[in-house]
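Sharing a structure below in C-alpha coordinates format, with a few things to ask.
The values are calculated or read from the model by the stated rules, or taken from the named source; none is laboratory data. Please read these numbers as outputs of a predicted model, since none were measured by experiment. Cβ sites come from the backbone with ideal geometry, for glycine too, and all protein chains shown count toward neighbours. For the accessible areas, the whole protein counts, side chains as well, though only heavy atoms, and no ligand, DNA or RNA atoms are used. Shrake-Rupley method; radii C 1.70, N 1.55, O 1.52, S 1.80 Å.
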Amino acid sequence: MVHEKLYDVELSDVDFQYHIKLSALANKFQDLANIASQALGLGFETIYKAFGVVWALVRMRVDIERLPTLGETIKIQTWAPKPKSLQFDRDFIVLDENGDIIIRAVSAWVLIDYQSRRIRKASTVIHEDYQDPGLERAIDCVLGRFKAQGELNKKYQKVIGYSDIDLNGHLNNSKYVDFIMDCFSLEEHQKYRVKSLEVSFVNEALAGDTLTMYEDRSRMNEQMVYIEGHNETKEQSSFRSQLRLTTINS
(Lines give C-alpha, C1' and ligand atoms only; values in the text may rest on other atoms or scores of the structure.)
Protein backbone atom coordinates (compact mmCIF):
# COMPACT_ATOMS: atom_id res chain seq x y z
CA MET A 1 0.00 0.00 0.00
CA VAL A 2 3.07 2.28 0.10
CA HIS A 3 4.19 3.63 -3.24
CA GLU A 4 7.60 5.18 -3.74
CA LYS A 5 9.70 6.79 -6.44
CA LEU A 6 13.19 8.23 -6.75
CA TYR A 7 13.49 11.82 -7.95
CA ASP A 8 16.57 13.76 -8.93
CA VAL A 9 16.63 17.39 -7.83
CA GLU A 10 17.25 19.10 -11.14
CA LEU A 11 18.15 22.61 -12.24
CA SER A 12 14.51 23.47 -12.95
CA ASP A 13 13.53 22.42 -9.40
CA VAL A 14 15.74 24.76 -7.39
CA ASP A 15 15.80 28.39 -6.34
CA PHE A 16 18.65 30.91 -6.32
CA GLN A 17 20.07 29.20 -3.20
CA TYR A 18 20.19 25.76 -4.89
CA HIS A 19 17.41 24.41 -2.63
CA ILE A 20 14.36 22.69 -4.07
CA LYS A 21 11.45 25.11 -4.37
CA LEU A 22 8.37 24.13 -2.37
CA SER A 23 6.32 24.37 -5.56
CA ALA A 24 8.63 21.82 -7.22
CA LEU A 25 8.23 19.56 -4.20
CA ALA A 26 4.43 19.93 -4.46
CA ASN A 27 4.63 18.90 -8.11
CA LYS A 28 6.54 15.76 -7.18
CA PHE A 29 3.94 14.94 -4.52
CA GLN A 30 1.24 15.38 -7.14
CA ASP A 31 3.10 13.15 -9.61
CA LEU A 32 3.50 10.32 -7.09
CA ALA A 33 -0.10 10.73 -5.87
CA ASN A 34 -1.28 10.14 -9.42
CA ILE A 35 0.95 7.08 -9.79
CA ALA A 36 -0.40 5.65 -6.53
CA SER A 37 -3.99 6.44 -7.53
CA GLN A 38 -3.50 4.71 -10.87
CA ALA A 39 -2.28 1.59 -9.05
CA LEU A 40 -5.53 1.65 -7.06
CA GLY A 41 -7.60 2.06 -10.21
CA LEU A 42 -8.33 5.70 -9.33
CA GLY A 43 -6.07 7.58 -11.73
CA PHE A 44 -7.14 10.88 -13.27
CA GLU A 45 -8.19 9.50 -16.65
CA THR A 46 -9.92 6.48 -15.13
CA ILE A 47 -12.24 8.36 -12.78
CA TYR A 48 -12.87 11.14 -15.29
CA LYS A 49 -13.97 8.73 -18.03
CA ALA A 50 -15.95 6.45 -15.71
CA PHE A 51 -17.56 8.95 -13.33
CA GLY A 52 -16.98 12.46 -14.70
CA VAL A 53 -15.01 13.49 -11.61
CA VAL A 54 -11.49 14.79 -11.00
CA TRP A 55 -9.21 15.04 -7.98
CA ALA A 56 -8.88 18.37 -6.17
CA LEU A 57 -6.47 19.12 -3.34
CA VAL A 58 -8.21 20.98 -0.50
CA ARG A 59 -5.65 21.02 2.32
CA MET A 60 -1.95 20.33 2.71
CA ARG A 61 0.70 20.62 5.38
CA VAL A 62 4.43 20.14 4.86
CA ASP A 63 6.93 19.95 7.75
CA ILE A 64 10.55 20.39 6.71
CA GLU A 65 13.68 19.29 8.53
CA ARG A 66 15.92 20.03 5.56
CA LEU A 67 15.38 20.95 1.91
CA PRO A 68 17.29 18.83 -0.61
CA THR A 69 19.64 20.66 -2.95
CA LEU A 70 20.60 20.54 -6.62
CA GLY A 71 21.98 17.15 -7.66
CA GLU A 72 20.54 15.16 -4.75
CA THR A 73 18.45 12.06 -5.31
CA ILE A 74 15.48 11.79 -2.97
CA LYS A 75 12.98 9.04 -2.37
CA ILE A 76 9.34 10.00 -1.85
CA GLN A 77 6.91 7.53 -0.32
CA THR A 78 3.13 7.90 -0.15
CA TRP A 79 0.16 6.03 1.28
CA ALA A 80 -3.56 6.69 1.76
CA PRO A 81 -5.65 5.93 4.85
CA LYS A 82 -9.22 4.70 4.37
CA PRO A 83 -11.32 7.51 2.84
CA LYS A 84 -13.90 9.44 4.82
CA SER A 85 -17.37 10.22 3.46
CA LEU A 86 -16.11 13.08 1.29
CA GLN A 87 -12.39 13.31 1.91
CA PHE A 88 -9.40 11.27 0.82
CA ASP A 89 -6.24 11.70 2.91
CA ARG A 90 -2.79 11.06 1.49
CA ASP A 91 0.53 11.17 3.35
CA PHE A 92 4.08 11.62 2.10
CA ILE A 93 7.58 11.33 3.46
CA VAL A 94 10.80 12.37 1.73
CA LEU A 95 14.03 10.49 2.43
CA ASP A 96 17.54 11.57 1.52
CA GLU A 97 20.29 9.36 0.13
CA ASN A 98 21.13 8.17 3.66
CA GLY A 99 17.56 7.02 4.24
CA ASP A 100 16.84 9.82 6.72
CA ILE A 101 13.39 11.42 6.68
CA ILE A 102 13.86 15.11 5.83
CA ILE A 103 10.27 16.11 4.95
CA ARG A 104 6.83 14.96 6.09
CA ALA A 105 3.52 15.96 4.53
CA VAL A 106 -0.19 15.26 4.85
CA SER A 107 -2.87 16.21 2.36
CA ALA A 108 -6.63 16.05 1.91
CA TRP A 109 -8.35 15.57 -1.44
CA VAL A 110 -11.93 15.54 -2.69
CA LEU A 111 -13.70 14.47 -5.86
CA ILE A 112 -15.09 17.31 -7.97
CA ASP A 113 -17.74 16.83 -10.63
CA TYR A 114 -16.04 18.20 -13.73
CA GLN A 115 -19.20 19.77 -15.11
CA SER A 116 -20.98 21.10 -12.01
CA ARG A 117 -17.74 21.75 -10.01
CA ARG A 118 -19.50 20.32 -6.95
CA ILE A 119 -17.98 17.85 -4.46
CA ARG A 120 -18.99 14.21 -4.92
CA LYS A 121 -18.96 11.48 -2.26
CA ALA A 122 -16.04 9.09 -1.92
CA SER A 123 -18.44 6.21 -2.62
CA THR A 124 -18.63 7.50 -6.21
CA VAL A 125 -15.34 5.77 -6.98
CA ILE A 126 -14.50 3.48 -4.06
CA HIS A 127 -16.15 0.52 -2.33
CA GLU A 128 -16.88 0.34 1.40
CA ASP A 129 -14.58 -2.68 1.77
CA TYR A 130 -11.47 -0.62 0.92
CA GLN A 131 -8.81 -1.62 3.45
CA ASP A 132 -7.01 0.93 5.59
CA PRO A 133 -3.25 0.23 5.40
CA GLY A 134 -3.02 0.85 9.16
CA LEU A 135 0.11 2.98 8.86
CA GLU A 136 1.07 5.79 11.21
CA ARG A 137 0.27 9.23 9.80
CA ALA A 138 3.19 11.24 8.48
CA ILE A 139 2.12 14.18 10.68
CA ASP A 140 -0.27 13.87 13.61
CA CYS A 141 -2.40 16.99 13.16
CA VAL A 142 -5.82 18.38 12.28
CA LEU A 143 -5.66 20.39 9.08
CA GLY A 144 -7.23 23.78 8.57
CA ARG A 145 -7.35 25.12 12.11
CA PHE A 146 -5.67 28.47 11.63
CA LYS A 147 -6.70 32.02 10.79
CA ALA A 148 -5.37 35.57 10.77
CA GLN A 149 -4.53 36.89 14.23
CA GLY A 150 -3.90 40.52 13.32
CA GLU A 151 -4.30 43.10 10.58
CA LEU A 152 -4.16 41.93 6.97
CA ASN A 153 -2.00 44.04 4.67
CA LYS A 154 -2.14 43.92 0.88
CA LYS A 155 1.04 42.49 -0.64
CA TYR A 156 0.49 42.21 -4.41
CA GLN A 157 -1.94 41.15 -7.16
CA LYS A 158 -1.65 38.40 -9.72
CA VAL A 159 -3.72 37.71 -12.84
CA ILE A 160 -4.05 33.96 -13.48
CA GLY A 161 -2.74 33.02 -16.92
CA TYR A 162 -2.15 30.04 -19.18
CA SER A 163 1.00 28.89 -17.38
CA ASP A 164 -0.80 28.79 -14.02
CA ILE A 165 -3.63 26.37 -14.82
CA ASP A 166 -3.56 22.58 -14.91
CA LEU A 167 -5.48 19.82 -16.70
CA ASN A 168 -8.49 20.46 -14.46
CA GLY A 169 -8.64 23.95 -15.94
CA HIS A 170 -7.97 25.72 -12.64
CA LEU A 171 -5.01 27.18 -10.77
CA ASN A 172 -2.63 24.33 -9.91
CA ASN A 173 -1.83 23.75 -6.24
CA SER A 174 1.90 24.25 -6.80
CA LYS A 175 1.22 27.74 -8.19
CA TYR A 176 -0.48 28.74 -4.94
CA VAL A 177 2.75 27.79 -3.20
CA ASP A 178 4.73 30.03 -5.55
CA PHE A 179 2.33 32.92 -4.88
CA ILE A 180 2.81 32.43 -1.13
CA MET A 181 6.59 32.35 -1.40
CA ASP A 182 6.55 35.50 -3.56
CA CYS A 183 5.23 37.39 -0.52
CA PHE A 184 8.78 37.26 0.84
CA SER A 185 11.69 39.27 -0.52
CA LEU A 186 14.93 37.64 -1.67
CA GLU A 187 16.60 39.06 1.44
CA GLU A 188 14.00 37.33 3.62
CA HIS A 189 14.54 34.07 1.76
CA GLN A 190 18.23 34.41 2.59
CA LYS A 191 17.47 35.07 6.26
CA TYR A 192 14.69 32.53 6.88
CA ARG A 193 13.68 29.12 5.71
CA VAL A 194 10.25 27.51 5.93
CA LYS A 195 9.94 25.02 8.77
CA SER A 196 6.27 24.28 8.14
CA LEU A 197 3.70 25.33 5.54
CA GLU A 198 -0.03 24.66 5.69
CA VAL A 199 -2.46 25.67 2.95
CA SER A 200 -6.26 25.47 2.72
CA PHE A 201 -7.56 25.77 -0.83
CA VAL A 202 -10.95 27.43 -0.36
CA ASN A 203 -12.29 28.15 -3.86
CA GLU A 204 -10.81 27.37 -7.25
CA ALA A 205 -9.34 30.14 -9.38
CA LEU A 206 -9.52 30.14 -13.17
CA ALA A 207 -7.55 31.76 -15.98
CA GLY A 208 -8.31 35.47 -16.10
CA ASP A 209 -9.14 35.75 -12.40
CA THR A 210 -7.26 38.35 -10.37
CA LEU A 211 -5.94 37.29 -6.96
CA THR A 212 -4.85 39.72 -4.28
CA MET A 213 -2.41 38.41 -1.69
CA TYR A 214 -2.73 39.65 1.90
CA GLU A 215 -0.41 38.92 4.81
CA ASP A 216 -0.55 39.12 8.60
CA ARG A 217 2.85 39.40 10.28
CA SER A 218 1.55 40.19 13.75
CA ARG A 219 3.15 36.97 15.05
CA MET A 220 6.52 37.52 13.41
CA ASN A 221 8.11 37.47 16.87
CA GLU A 222 7.07 33.80 16.91
CA GLN A 223 8.25 33.51 13.28
CA MET A 224 4.68 32.77 12.19
CA VAL A 225 3.24 34.38 9.05
CA TYR A 226 -0.33 34.14 7.77
CA ILE A 227 -1.04 34.70 4.04
CA GLU A 228 -4.35 34.54 2.21
CA GLY A 229 -5.50 35.14 -1.33
CA HIS A 230 -8.73 36.85 -2.33
CA ASN A 231 -10.26 36.36 -5.77
CA GLU A 232 -11.24 39.86 -6.89
CA THR A 233 -12.99 38.56 -10.01
CA LYS A 234 -15.33 36.25 -8.12
CA GLU A 235 -15.33 38.29 -4.90
CA GLN A 236 -14.47 35.29 -2.73
CA SER A 237 -11.64 33.79 -0.73
CA SER A 238 -9.24 31.68 -2.76
CA PHE A 239 -6.81 30.22 -0.20
CA ARG A 240 -5.48 30.57 3.33
CA SER A 241 -2.00 29.63 4.48
CA GLN A 242 0.21 29.66 7.54
CA LEU A 243 3.98 29.40 7.63
CA ARG A 244 6.35 28.72 10.48
CA LEU A 245 9.79 30.10 9.73
CA THR A 246 13.19 29.50 11.24
CA THR A 247 16.27 31.67 10.99
CA ILE A 248 18.91 30.12 8.75
CA ASN A 249 21.82 28.63 10.71
CA SER A 250 19.77 28.76 13.92
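How large is the charge dipole for the chain, taken about the Cα centre, if only the Cβ atoms of Lys, Arg (+1) and Asp, Glu (-1) carry charge, to the nearest 20 debye? Mind dumping the intermediate values first?
Numbers: 31 positive and 37 negative charges, 144 e Å.
So the dipole magnitude of the chain works out to roughly 700 debye.
What lysines could a cross-link reach from Lys155, if we take a straight Cα to Cα line under 17 Å and drop same-chain neighbours fewer than 8 places away?
Lys175
So, with a 1.4 angstrom probe, what is the percent of accessible area on region 147-186 that is carbon and sulfur?
Values: 1080 of 2190 Å².
Summing carbon and sulfur atoms, their accessible area is 49 percent of the total for region 147-186.
Put a dot 7 Å past each Cα toward the Cβ at Arg219 and Asp31; how far apart are the dots in nm?
According to this spin-label approximation, the distance is 3.3 nm.
What's the center-to-center distance, using Cα atoms, between region 23-42 and region 166-225 in Å?
That distance is 21 Å.
Tell me the accessible surface of Phe16 in square angstrom (1.4 angstrom probe, heavy atoms of protein chains only), to the nearest ten.
Here the accessible area works out near 100 Å².
Now, a different point. Can you give the accessible area of Arg61, probe radius 1.4 Å, in Å² rounded to 10?
60
Also: Using only alpha carbon pairs under 8 Å that are at least six residues apart, calculate the relative contact order of the chain and give it in whole percent.
18
Across the Cα atoms of the chain, what radius of gyration and what greatest pairwise Cα-Cα distance (Dmax) are found, in Å?
18.0, 52
Measuring from a point 7 Å past the Cα of Ile119 along Cα-to-C-beta, which residues in region 27-67 have an amide N at less than 18 Å?
53-61
Whole number in Å², please: accessible area per residue of the chain, 1.4 Å probe, ligands, DNA and RNA not counted. Can you show the working numbers first?
On the way: 12820 Å² over 250 residues.
Here the per-residue accessible area is 51 Å².
Test of understanding: what is the full-extension gain from Thr73 to Asn98, defined as 0.36 nm times their sequence separation minus their Cα-Cα distance?
Values: separation 25, 0.36 × 25 = 9.00 nm, distance 1.01 nm.
Contour length minus the Cα-Cα distance gives 8.0 nm.
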